[in-house]
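Rule-based calculations on the coordinates, nothing more; no lab input. Just so it is clear, the model here is predicted, and its values are computed rather than measured. All Cβ positions, glycine included, derive from the backbone under ideal geometry; neighbour counts span all protein chains shown.
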């Protein structure tokens, strides 16, 4: 956390010149908090109003909160199926991405693989590739294997496209493990597999959890692949199913779409609260610097 | 990072593969195979397809040479999308990136109370899907029940009220700013982590010389954070080339294609107009832009940032 190293005003504490930046910064923070928190609070407020109450005062504090909008939008959009699907995609897709990335991360961080710079660079291009440019061939490939409009097809695509970031994160994490530990294992005659399985893997669990969580959120947010590779509503993830909210039927009164928004984000809010320290702690930049 | 096992290696790949069969198979061969099937082959196939005319269903693709590219050079919508991508990028670099830096600096300098609260609030939208963000702002910017227009009117700025998604002059900026709102947390945490890595002495020295915050930012923080800035600029570049979700949920390119960006135009031409060959040609343009930007950035600015 901050240790106040930037505290330029420390030398002149108490003078007007030192109060001014603080005042300006506090003002800025209030404005920013309003800009970032305001829309979210308004949506939550709107979601617990009845139609009549919303029409009477769209911005007033809710006087008689109701969960009716949640019930209506839940059945209207079939949120049960949507949430279940997103959960399947995010859970399985992230698991596949991490699994694919573990041994490459081990190889690129601990071993002197010839040409590892090229291998790593190649995998990183997967990070930078705009997905829209490969939609047509992927669509074609999935159709060939009869995986179009199937859950398993989308899981594979998510897993493969999640892998490069997982290699980056896990490699960054594994380089921080001191080499002495595995040296001892090698001296005892352990094989690469034993070192990976018994030494590196257990020590990498924190890194794996961070990578898995970030991938989970990324798949939960993902939209393009789901939109293009799926046709049946029973396979839609939340992001694709929610498009229906932008229609006259749902936009007549705002409490239903607001409730839908809250439902769609709720699982991630829970995950966010549980893992906030880990995912926002600059782990990504740490991975980049290796 | 060389491990002890590597002292037996003779430096060639065959020598390595003999000694490290497990790693060679699962650490090198499998990921490269997966890469080839799902990333390499699709790129090659996209380039190949850009020389054909194909409706996506017909068994035969018709070879048309460079016709798709010739058409592209005269396509009004291609140029609109290209310019829109540039505008989107400029908005993204100005708004979320510089604001993200400012927030990180203000928090690190302890100029505000409860800095971690502000950090959490600004970071939260990074975890939201852009579909949810888009729908949220559809409600906020609604002309009748929307909070934003009402707020403008109540503080006497009613003349600023617009059709935020309908006015062809500003719709694209509306989308780009919404995207910036959702993205600001990203540069913020990168800069926050970067500022934590700057040696304490560097700032102490500047402080003893009596540097104020403005000088501190300009002559100490920004130069020290140049690698972080390079990474963020690259992230922003690719993020803006990917722009799709907000357009799909909010405007679908309307009004008059004025909110189209390349990433959305590809989708429209391929999957709505069934012009897969032309869609592939547009994809190649995106790939060339992304590839050359990546080459420049990786080659120059980011030298060393991704060293293995």
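When B:62, A:151 are ordered from fewest to most other Cβ atoms inside 10 Å of their Cβ, what list results?
By the 10 Å Cβ count, ascending, the order reads B:62, A:151.
Compute for the protein assembly as shown: radius of gyration divided by Kirkwood radius, i.e. Rg/Rh, restricted to C-alpha atoms, rounded to two decimals.
Rg divided by Rh gives 0.98.
Taking N as the number of residues in the range B:206-292, what value does Rg over Cα atoms divided by 2.2 N^0.38 Å take?
In units of the 2.2 N^0.38 Å rule of thumb, it is 1.69.
If I take R0 = 60 Å and measure r between the Cβ atoms of residue B:161 and residue A:181 in this structure, what FRET efficiency does the formula 1/(1 + (r/R0)^6) give, to the nearest 0.05?
0.40
For chain B, modelled as a Gaussian network with Cα springs under 10 Å, which listed residue fluctuates most, B:107, B:258, B:234?
B:107
Could you state the number of Å between the C-alpha centres of the range B:158-176 and the range A:211-253?
Answer, in whole Å: 26.
How do the peptides A:191-201, B:181-191 rank, highest first, by the average count of neighbouring beta carbon atoms within 10 Å per residue?
Order by mean packing, descending: B:181-191, A:191-201.
Shielding of B:39-51 by partners, i.e. mean partner chain Cβ atoms within 10 Å per residue?
Average per residue, whole number: 4.
I need two numbers for the range A:10-121: Rg to one decimal and Dmax as a whole number, Cα atoms only, in Å.
Just the Cα atoms of the range A:10-121 yield Rg and Dmax of 26.1, 70 Å.
Just to be sure I understand the model, the point goes 7 Å from the Cα along the line to the Cβ. What's the resulting residue B:44 to residue A:278 distance in nm?
3.9
Springs between alpha-carbon pairs under 10 angstrom, Gaussian network model over chain A: which of A:169, A:119, A:268 fluctuates most?
A:119
Sticking with the crude label model, points 7 Å out along Cα→Cβ, report the distance from residue B:254 to residue B:169 in nm, one decimal please.
Here the modelled spin labels are 2.1 nm apart.
What does the structure give for B:102-114 when I average, per residue, the other chain Cβ atoms found within 10 Å of the residue Cβ?
So the per-residue partner count for this stretch is 6.
Sort out for me the Cα centre separation of the range B:46-118 from the range B:234-285, rounded to whole Å.
8
With label points built 7 Å along Cα→Cβ from the Cα atoms of residue A:84 and residue A:151, find their separation and express it in nm.
A separation of 0.8 nm, rounded to one decimal place.
Computed on alpha carbon atoms, what radius of gyration and Dmax characterise chain A, expressed in Å?
Cα-based Rg and Dmax for chain A come out at 24.3, 77 Å.
Could you compute Rg(Cα) / (2.2 N^0.38 Å) for the range B:77-301, with N its residue count?
Rounded to two decimals, the normalised Rg is 1.16.
Going out from 0 in 10 Å bins, what whole percent of all Cα-Cα distances in the range B:171-237 drops into each bin?
Percent of Cα pairs in each bin: 19, 40, 26, 12, 3.
List A:110, B:207, A:143, B:169 from most exposed to least, where exposure is judged by having the fewest other Cβ atoms within 10 Å.
Arranged by neighbour count, lowest to highest, A:110, B:207, A:143, B:169 become B:169, A:143, B:207, A:110.
In 5 Å bins starting at 0, how do the alpha-carbon pair distances of the range A:106-228 split up by percent?
2, 9, 17, 18, 16, 13, 11, 8, 4, 3, 0
Could you calculate, for the range B:56-145, the ratio of the Cα radius of gyration to the Kirkwood radius, expressed as Rg to Rh?
1.22
For a quick check: sort B:162, B:20 by the number of other beta carbons within 10 angstrom, fewest at the front.
B:162, B:20
What FRET efficiency comes out for the pair residue B:292/residue A:52, r = Cβ-Cβ distance, R0 = 51 Å, nearest 0.05?
Rounded to the nearest 0.05, the efficiency is 0.35.
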